[in-house]
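Structure, as structure tokens:
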Amino acid sequence: MHRIKRQVLESIIMAAKNVYPLEFFSMLGGRNKVIEELVVVPATYGESFSSYRLDLVPFDSSIIGTVHSHPSEENYPSDADLESFSKFGEVHLIIGHPYNFNTVRAFDNKGRHVTLRVVDD
Ligand SMILES: [Zn+2]
């Protein structure tokens, strides 16, 4: 199980809505299976998630995974997502339209669904 700070999840929801119908993408920072912050990487808005550039990812041991939005209601990983998940990180969030607390799902690096619990600071 991973945990996510409520404020971080609210930021994801807002960002996903702001770039809709494009995809929002960000890295996730945290430790001890707690997602504590968004780490936005360059030039990813509107690109397909699978095309993000690993060479632009800052080397930072606090980065534990990724989040991206799906402009459809489909909030399971695509084949391209699964390939990306396997390259990097331990937890990957997908938020499906219409973007709220109920449309976010967490997956491990093999694409298996994992429990995500929202925590208050
Ligand atoms: Zn995807």
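The values are calculated or read from the model by the stated rules, or taken from the named source; none is laboratory data. In this text the structure is predicted, and so the values were computed from the model without any measurement. So basically every Cβ, Gly included, is an ideal-geometry build from the backbone, and we count neighbours across all protein chains shown.
List of remarks:
- Close contacts from the range 69-88, counting a first residue that is closer than 14 Å to TYR20 by Cβ and a second that is more than 10 Å from the ligand (Cβ to nearest atom) and of a type in the set (Phe, Trp, Tyr), with Cβ to Cβ under 9 Å and a gap of 6+ residues or different chains, come to SER69/TYR20; SER69/PHE24; SER69/TYR99; PRO71/TYR20.
- Leading residue by the ranking (nearest to the chain's Cα centre (by Cα)) among those in the range 94-120 that are of a type in the set (Lys, Arg) and not in a loop (DSSP other than H, G, I, E, B): ARG105
To keep it simple, each residue is scored yes or no on (1) among the aromatic types (Phe, Trp, Tyr); (2) more than 14 Å from the ligand (Cβ to nearest atom); (3) at pLDDT 95 or above.
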position	(1), (2), (3)
SER26	no, no, no
ASN75	no, no, no
PHE85	yes, no, no
GLY111	no, no, yes
VAL119	no, yes, yes
